[in-house]
Amino acid sequence: MNSKKKQTGMGIVEVLVALVVVSFGVLGMASMQLTGMKHSSGGYSRSKALLFAQNMTTRMRINTAVKQTFDYDNFDSDSISCNAPPMPYCQARPGVSGTAAECTPPEMANFDLYTVACGDVGSSGAEDGVIGTLPDGRLTVECLGSPCTADSAYQVSVTWSEGRLRSDDDTPDIKRVQVRLRP
């Protein structure tokens, strides 16, 4: 009486074990995808912040006539209203007839600070600057000399929030790009 049983299919336990193994693999892949998206978003914000800082430093280097008046010193974009563009507006813009205004160097400094912080004014207002592009975006420019002289260096800082919260409290993770220059 030697009877051998042959198994012809899979049992329910084997199917459930395979399902659990595949589920863990899918969850792991989803976690890796989410982590990759977070790092990609942070890198994109850092690239934009660096471009804004470089834009501001280039504008400061071009407008050398304001070295003696320190018109770029102690600027903080928290103190500016993007709904009120500077007058005169030193650039031609859509929807406004005429040409760009002739600006003095101090007016151009004011225009530069507004344009980098808030963006160019278009039909829907200014929204492509540090404030409107980066989450909790902020632009600051400060003279590093005390007192500030024509030969002093400046520091341009762009800060933003990464959106994730630290584990110890509810404050956002603040990131910063700083550029130092001597115009």
Based on other C-beta atoms within 10 Å, arrange F24, F70 from fewest to most. F24, F70
Excluding S45 itself, calculate the net charge of residues whose Cβ lies under 10 Å from the Cβ of S45, where each Lys or Arg counts +1 and each Asp or Glu counts -1. +2
Those trypsin sites (Lys or Arg not before Pro) in region 13-59 that DSSP places in a loop and that have at most 16 other beta carbons within 10 Å: none
What FRET efficiency would be calculated for the residue pair S81, Y44, taking the C-beta separation as r and a Förster radius of 25 Å, to the nearest 0.05? 0.40
Could you give P(r) for region 13-181, binned at 10 Å from zero, as whole percent values over all Cα-Cα pairs? 9, 29, 27, 15, 9, 6, 4, 2, 0
When I131, I62, I80 are arranged by how many other beta-carbons sit within 10 Å of their Cβ, fewest first, they go I62, I80, I131
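Throughout, read-outs are computed from the coordinates displayed, never taken from laboratory work. Because the structure is a prediction, the values reported are computed rather than measured. Glycine gets a Cβ as well: all are built from the backbone with ideal geometry, and neighbour counts include every protein chain shown.
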